[in-house]
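Some notes on the structure that comes next.
None of the figures in this text is laboratory data; all of them are computed from the coordinates on show. Not measured: the values here are computed from a predicted model. Cβ atoms come from the backbone with ideal geometry, glycine included; neighbour counts cover every protein chain shown.
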There are 2 protein chains.
Amino acid sequence: MAKKAVIIGGVAAGMKTAARLRRRDPEANIIVLERGPSLSYGACGFPYYISGEVKSFKVFDHIPQGLPRDAAFFKNTKGIDARTGCNVTAIDRKNKTVAYEENGLQKTLPYDYLVLGTGATPVKLNLPGADLKGIHSFWFPWDVLAVEEEIKSGQVKEAAVIGAGFIGMEVAECLRHRGVKTAIIEAKEWLLPNLLDEEMAELAAAPVKASGIELYLGAKCEKFLGENGRVSAVVTDKGTIKAQLVIVAIGVRPNVELAAAAGLTIGPSGCIAVNEHLQTSDPYIYAGGDCAENTNRISGAKVFAPMGSTANKHGRVIADHIAGDEAVFPGVLQTGLCRLFQTEAGATGLNEAACRKAGIDFVSAVVPGFDRLNYMPGAGRLVLKLLAEPSSGRVLGLQAVGQGAAKRIDTMVAALSMGATLDDLSNFDIAYAPPFNGPIDNLATAANVVANKIAGRMRGVNPKDYHRHKEDYTLVDVRLPFETKAKSIAAVPKKISLPLGELRQEGETLADKKTKLLICCQINLRGYEAETILRSQGYEDVSSLEGGLIGWPYETE
Amino acid sequence: MAKKAVIIGGVAAGMKTAARLRRRDPEANIIVLERGPSLSYGACGFPYYISGEVKSFKVFDHIPQGLPRDAAFFKNTKGIDARTGCNVTAIDRKNKTVAYEENGLQKTLPYDYLVLGTGATPVKLNLPGADLKGIHSFWFPWDVLAVEEEIKSGQVKEAAVIGAGFIGMEVAECLRHRGVKTAIIEAKEWLLPNLLDEEMAELAAAPVKASGIELYLGAKCEKFLGENGRVSAVVTDKGTIKAQLVIVAIGVRPNVELAAAAGLTIGPSGCIAVNEHLQTSDPYIYAGGDCAENTNRISGAKVFAPMGSTANKHGRVIADHIAGDEAVFPGVLQTGLCRLFQTEAGATGLNEAACRKAGIDFVSAVVPGFDRLNYMPGAGRLVLKLLAEPSSGRVLGLQAVGQGAAKRIDTMVAALSMGATLDDLSNFDIAYAPPFNGPIDNLATAANVVANKIAGRMRGVNPKDYHRHKEDYTLVDVRLPFETKAKSIAAVPKKISLPLGELRQEGETLADKKTKLLICCQINLRGYEAETILRSQGYEDVSSLEGGLIGWPYETE
C-alpha cells in the first residue's frame, strides 16, 4: 500500500522532503500542511529586496520560469498535496494522526510517517513602546513587505537595527545600500558575536563603519520613543538613537510546542532532538529545518543552527530515510558568511568561545595576506584566523574577513568535514593562477603559521592581547623606514625600529637579552624571520605580532 | 657541525627550500647555485605583464617593499648564500660534491644534502622557419621582455599562440586584453585538452570565441613564413594564419640531464623519481619543483605536473625533512585554473581520459546552475562536471566552467585530498548567503545528480553523446512554450514539446512506450522530475539531457 507521509510546515525542510520523497517514491501519498499563506518561499534573500538589488518579490515564491510555487504548481509538477492555512494543533502518536484547523474547521489526518518542519519564530523585544508602528521583525514575508512599504512611503530617514547577528548585519547593510542612515545596536561587545572572535570582528567592523553605519556595541536597549504612534527613537544606555524604522533581529527560537506537547524529546539546545537519520524520539516522526536540533561536527555539541541550506539537506536525508535508505545527516559546522559592502566576513567550525565551551584545547593564529597575487589588479586584503588542536594537529575552525573570504571558508568546510589536519591543509593542491590566488594559498599559510606555533618555532601574540597589554612589550618594528612612516601602530609605549635586512648584523646590541621583545612587520612574515634571528642571537623572550600591520584592527598613526 | 646544504636552481623550489631550511636551522650552511641571472622570480604572473595589468616587471623579482630579490637580499635578510651564473656540470655522489662553472672557472663544492630544483625547459617546435624573428617561448624572463618589446614597437598587429594548454590560453587571453588580434592553434581537438573533457572544453571555448580570438583546433603546424627575417604567418593544415608574433606553448619538459648523468633514477613520467619525502634514489639528494616526479593522489599515477604552487610545497617538505622531521608530500591533484575573460575554467582530480588511463570505473554528470541565487544581481552561469567511482561513491574529479568555478574547484581539492564520497559532498555545510551562493551549493547538486545516476534513479545522457547521436532519440522538451521559443537545441530530428506541469496528465499518450525518449529542460532539474513521471507511466527507455539548455555547448536556435 502507498505510504502516507504528512509534513507539517511547507517552507524549506518540509517542501524539500516532499519533493525528494515524490522522486524517490512515485506512489507515496504526500500531504503538506502549512500554517501560513505561502509555500516554499526563499526568506534568505529578503534583505536584498530591501536593498533594491532584487526588484520583484515574486522571485521568492515563484519558479524562475515565472510560475508561482503554489498548491496548483506542487500538485501538477510534483504530485504533492500541499495545503496552506492549515494549523496543526496536535499529534496523536498512538493513533498516528494529526489534528489541524482549516478555515475554522477541525480535521484529522492519518500518517505512516510524520515530518516536523515547523521552523522558528523571531524573539520579541518586550520593552516600553514595542507596539509602536515602524518596529518590525525581519523573518516572514509580511515583515519584509511592511518594511519596504514604509521606506517607499518616505517615512524613514533613519533606521536602527537591533542585533548584529546575520540577519541584523544583512539588513543593516541592505538599508545602507538603499540610502537609509542606519545604526546597529548590539548587546554584546562586537559584531557577529556568535561567529567571530573579538579581533576578527574588529576587522569586520571597519567596512561597516566606513559605509556610514553607526555602531552601538555593548549597548542595552531600554525603550522606544514614539511620535503620533510611530517609533521615533531607540533609547539605549549608550545614548538615544533617532529612528523611524526599527528592525529587531535579536534572534529566533525553534517552534517546538507541537512536538513537546506530543511528548517528543526536546534537546539541550531547545530544538527537537533527533538521531542521525533525523528521527525524533518517535521513529515514525522526523524533524528537519530550524526546529530540529543539529550536532556540531567538530565539538559534538547539540546546537540550534537555523539555516536554509541545512533545512534543504535535512529534507533530502529525511525523504531518503523514509524511502528506505540508511541516509545519515552528519551534522553542521555552523558555517556563516556575510557580505559587508565590498568585503566578506565568515566562519566555519569552532571559534575561541566554542572551543572553550567544548573543552577543546586550541592554538590559533591571525594570518593576513591578499586574496590573490598582491601585484594583480583587484587584489584585496584577506585576514584569516585558523584554530587547530595542538595534540592532534586537527583543524578546528576558520574565521575570514576580507576579499575572497567565501572561497577559503568553503574550502575549509570540506577540510573540517573530513577531519583534516594542519599538514593536510598545507599540502592541498589549491588552484593556482595569478588572477585567483598566490602560489601558497592563504589557507596553507595559515596552517603553516599555526604549525610553527605549535612546534614552538614561532611565538605569535594575538593583536587583541598586545592591544590590552602594550606596556609589557618592547615593539621591534623590522619594516623599512618608508613603511613605518606610512602606517604604524598608535600609542606604542616602547619601540625600536630596525629593518630585517640589518637585524643579522645589528641585532646583537638591540636591547638587554631578557627584554620582552615583540616583533612587528607588515604581514608577520618578516616577523617570523626576525624571531628566528633574535632567538639565535640569545634573546630569551621574543615573539611577533600576529597579523602585522595589515591585520591590526585597532588605531594606527 | 653545521649541515652543508647545496641547492641547484634558485627559482621556486630551490629558494623555498633555502628559506625554510634557514628558519628551521639557523646554523646550516646553505648555498644556492643558479645557472641564470635571476633568483626567485615569479614566472606565473608573466602573462599579466603582457596584458598590461601588471605595470612593472619588477614585481616578479622584487619584494613588495621594493628591494630586489638578489644575492645581497638573500644574504642579509635570510642568511643564504645564493649565487647566480653558476652552471652545475656534474654531481659526484661518492664524494658528495658538485662541479660547477662560474665566470668560466671550474669549481667544486661539497655537500651533506643536495637539492635539485633544476626546473623545466619549453619544448621547441622544429619546423621550417622556426628561427625567424618574432617566434618565442613564454617561459623565461627574457622571453617575456622580448615579446613586450616587440608589441611596444608596433610590429605586432596579429599574433598566433601555438598550444592551448595553460600557458597558451593565458597568453592568448592576455594578448587579446592588450588589443592584439590573436589566433590559437592546437593540435588536439579541444582547448585545455589535458584539463577538460570535450563538452566542458566546448563551454570554455565560448567566451574565448566571443572575445574575437580565432580557434584552430585539431590543426597541425607545418611551417612559418617570414618577411625580412621576421615571422609573417603560420602555415597549418587548416589554413595559413597571419602573425607577426608567435608564441610557442606546446609544453615543457623537466630538466633531468644532471640527475640522469649522476645515475639517479628517472621515473616513468620522465621526471626525477622521488619518494614521499622527495628524496631521489640517493637519500642525500632531494628533488623538488618542475624536475621532480609527482604522484596523482587519486590514481596513484606518476605524473609530470609543473606548477609554482607545487614547487613551493616541495621546498617546504624538503627543508623540513633535512631538518629532521618525517615530512611527507602527499602528491598532487593536477589542479588547474584559467581565467577566460569574464569567466573561469578549471579542473582538479581525474577527468574521463585520466580515469580510463588509470583503469578506474566512473560515472559522471554535467550539472549546470548559477554561481549564487539566480535572482541576485551578478549571478552567472556555472557548469560543473563531477566524476565518481560507482562502487565506492568516492569522488574522482571535478571540472568547472563559468563564474565561481575557482571556489568550487578549491572546495573539491579539499574533498578529493581527504577521500570524500558523494554523500560527504552532499552534506558539506557550505557557506550560504545569497550574494555568494544558493541554499544547495552547486557541488552538492552535482554530487546528488551523480548519486542519482549511480542508483539508477536518473539516466543522464552527456551532451556530446546526444550531439553525436541525435537520430537515436526523441527529444521531449518539458519547458514552457516561451522558453522553447527563446532558445532550443538546433537541428533536432525528432522532438515533442510538453511542459512538465502537463506531463502527469498528458504524458501517457506521448509516444509508444518503447520509444527512446530524451528529456530536455533548462538545467535538467525538471528533466529529472520528468524521467520519474514518464518511467512511472510505463515508458521503458527514458533518459534526460545532462546540463539542459544552460549546459548545452553546441548550436542552438
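Give the lysines whose C-alpha is closer than 18 Å to that of A:K357, dropping any in the same chain fewer than 8 places away, or say none.
A:K188, A:K302
Given label points at 7 Å from Cα along Cα→Cβ, what nm distances, shortest first, separate A:K4 from the same residue in every other copy?
8.8
What are the distances, in nm and sorted shortest first, from the label point of A:N374 to the label points of the same position in each other copy, with each label point placed 7 Å from Cα along the Cα-to-Cβ direction?
4.3
Aspartates and glutamates near B:K494 by alpha-carbon distance under 14 Å, same-chain residues fewer than 8 away left out - which ones?
B:E471, B:D472, B:D477, B:D512
Write down, largest first, the equivalent ellipsoid semi-axes of chain B in whole Å, where each equals the square root of 5 times an eigenvalue of the alpha-carbon gyration tensor. Walk me through the intermediate numbers first.
Numbers: eigenvalues 467, 164, 79 Å².
Those come to 48, 29, 20 Å.
Take the Cα pairs of the stretch A:386-543, get the Kirkwood Rh, then feed it into Stokes-Einstein at 10 °C and 1.306 mPa s and tell me D in µm²/s. Let's see the in-between values first.
Working: Rh = 17.3 Å.
It diffuses with D of about 92 µm²/s by this estimate.
Would you work out the relative contact order for the stretch A:460-545, in percent, from Cα pairs under 8 angstrom that are 6 or more residues apart? Intermediate results must be reported in sequence, preceding the final value.
Values: 128 pairs, mean separation 30.7, N = 86.
Relative contact order for the stretch A:460-545 comes out at 36 percent.
Arrange the following residues from fewest to most other Cβ atoms within 10 Å of their Cβ: A:M418, A:M458.
On the way: A:M418 19, A:M458 23.
Fewest to most other Cβ atoms nearby, the residues stand as A:M418, A:M458.
Once the label point is set 7 Å along the Cα-to-beta-carbon vector, what list of distances in nm do you get between B:L225 and its counterparts in the other copies?
8.4
Mind checking which aspartates and glutamates have their C-alpha under 16 Å from B:K385, skipping anything on the same chain fewer than 8 residues away?
B:D197, B:E198, B:E199, B:E202, B:E344, B:E352, B:D361, B:D371, B:D410, B:D441, B:D465, B:E546
Using packing as a proxy for protection, rank A:298-310, A:478-490 so that the peptide with the highest average count of other Cβ atoms within 10 Å comes first. Please report the intermediate quantities before stating the final value.
Details: A:298-310: 20.5, A:478-490: 16.4.
Descending packing order for the listed peptides: A:298-310, A:478-490.
With r as the distance between the Cβ atoms of B:E555 and A:D325 and R0 = 41 Å, compute the FRET efficiency 1/(1 + (r/R0)^6) and round to 0.05. Walk me through the intermediate numbers first.
Working: r = 40 Å, r/R0 = 0.99.
That gives a FRET efficiency of 0.50.
Taking 8 Å as the Cα distance limit and 6 or more residues as the minimum spacing, I'd like the relative contact order of chain B as a percentage. Mind dumping the intermediate values first?
Working: 1263 pairs, mean separation 61.7, N = 557.
Contact order relative to length: 11 percent.
Using +1 at the C-beta of Lys and Arg and -1 at the C-beta of Asp and Glu, which of A:L175, A:L105, A:A365 has the Cα lying farthest in the positive direction of the dipole of chain A?
A:L105
Sort A:T343, B:T515, B:T89 by Cβ crowding within 10 Å, fewest neighbours at the top. Write down the numbers at each step before the final one.
Values: A:T343 22, B:T515 16, B:T89 13.
Lowest to highest Cβ neighbour count: B:T89, B:T515, A:T343.
Any chance you could give the angle, 0 to 90 degrees and rounded to 10, that helix B:166-177 forms with the longest Cα principal axis of chain B?
80 degrees
How many nm is it between the label spots at A:N275 and A:K513, if each spot is 7 Å from the Cα in line with the beta carbon?
Output for this residue pair reads 6.5 nm.
Between B:A210 and A:K220, how many nm apart are label points set 7 Å from Cα along the C-beta direction?
It is 5.7 nm.
Scattering from the C-alpha atoms of the stretch B:135-250 alone, worked out with Debye: what is log10 I(q)/I(0) at q = 0.15, 0.19 1/Å?
Treating every Cα as an identical point scatterer, log10 I(q)/I(0) equals -0.60, -0.97.
Quick check on my link table: of A:K75/A:K152; A:K485/B:K58; A:K94/A:K124; A:K3/A:K75, which ones sit more than 25 Å apart, alpha carbon to alpha carbon?
Details: A:K75/A:K152 36 Å; A:K485/B:K58 23 Å; A:K94/A:K124 35 Å; A:K3/A:K75 17 Å.
The pairs that break the limit, which is 25 Å between Cα atoms, are A:K75/A:K152; A:K94/A:K124.
Let me spell out the model: positive unit charges on the Cβ of Lys and Arg, negative unit charges on the Cβ of Asp and Glu, origin at the Cα centre of the stretch A:245-345. What dipole size does that give, in debye rounded to 20? Write out the running numbers ahead of the final one.
Details: 6 positive and 9 negative charges, 69 e Å.
Dipole magnitude for the stretch A:245-345 comes out near 340 debye.
What is the percent of Cα-Cα separations in the stretch B:460-545 that go past 18 Å? Working shown, then result.
Working: 1234 of 3655 pairs.
Pairs farther apart than 18 Å: 34 percent.
Expressed as a whole number of Å, what is the distance separating the alpha-carbon centroids of the stretch A:68-127 and the stretch B:275-326?
Each part's Cα centre sits 60 Å from the other's.
For every helix of n ≥ 4 consecutive DSSP H residues, a contribution of -39,500 (n - 2.57) applies; sum these over chain A, divide by its total residues, and give [θ] at 222 nm rounded to the nearest 500 deg cm²/dmol. Don't jump to the answer; show the numbers that get you there.
Numbers: 15 runs with 144 residues, N = 557.
Theoretical 222 nm ellipticity from helices: -7500 deg cm²/dmol.
Pairing the Cα long axis of helix B:405-417 with the longest principal axis of chain B, what angle in degrees results, from 0 to 90 and rounded to the nearest 10?
So the inclination is approximately 70 degrees.
Round to the nearest 0.05 the FRET efficiency obtained for B:A72 and A:K3 when R0 = 56 Å and r is the Cβ-Cβ distance. Could the numbers behind the result be given before it?
Working: r = 78 Å, r/R0 = 1.39.
Calculated transfer efficiency: 0.10.
Neighbour counts of other C-beta atoms within 10 Å: give me B:R468, A:R93, B:R372, B:R253 arranged from fewest to most. Could you put the intermediate results ahead of the total?
Numbers: B:R468 10, A:R93 18, B:R372 23, B:R253 15.
Taking fewest neighbouring Cβ atoms as first place, the list is B:R468, B:R253, A:R93, B:R372.
Please compute, for peptide A:550-556, the average count of beta-carbon atoms on other protein chains lying within 10 Å of each residue's beta-carbon.
Values: counts 0, 0, 0, 0, 0, 0, 0.
Per residue, the number of nearby Cβ atoms from other chains is 0 on average.
So, R0 is 41 Å and r is the distance between the beta-carbons of B:D81 and B:S391; what FRET efficiency does that work out to, to 0.05? List each step's numbers first, then the result.
Details: r = 54 Å, r/R0 = 1.32.
Calculated value: 0.15.
Compare the peptides B:381-393, A:520-532 by average per-residue count of other Cβ atoms within 10 angstrom and give them in order, highest first.
Working: B:381-393: 21.7, A:520-532: 24.0.
Highest mean packing first, the order is A:520-532, B:381-393.
Where in the stretch A:319-406 are there GluC sites (Glu not before Pro) that are in a DSSP coil and have at most 16 other Cβ atoms within 10 angstrom of their Cβ?
A:E326
Relative contact order, percent, of the stretch A:342-454 when contacts are C-alpha pairs under 8 Å separated by at least 6 residues? Working shown, then result.
Working: 226 pairs, mean separation 35.6, N = 113.
Here the relative contact order equals 31 percent.
By the scheme Lys and Arg +1, Asp and Glu -1, what is the net charge of all other residues having a beta-carbon under 11 Å from that of A:M200? Please report the intermediate quantities before stating the final value.
Numbers: positive: A:K385, A:K464; negative: A:D197, A:E198, A:E199, A:E202, A:E352.
Combined, the nearby Lys, Arg, Asp and Glu give -3.
Considering only A:V156, B:G402, A:G308, whose Cα is most displaced toward the positive end of the charge dipole of the protein assembly as shown, charges sitting on Cβ of Lys, Arg (+1) and Asp, Glu (-1)?
A:V156
When the distances between all Cα atoms of the protein assembly as shown are binned every 20 Å from zero, what whole-number percent does each bin get?
Computed distribution, short to long bins: 12, 39, 35, 13, 1, 0.
Taking the highest mean first, how do the peptides B:29-40, A:102-113 order by number of other beta carbon atoms within 10 angstrom per residue?
Numbers: B:29-40: 20.7, A:102-113: 13.3.
By packing density, highest mean first, the sequence is B:29-40, A:102-113.
As I understand it, the value is the acute angle between the Cα axis of helix B:526-536 and the longest principal axis of the Cα atoms of chain B; what does it come to in degrees, rounded to 10?
Approximately 50 degrees, to the nearest 10.
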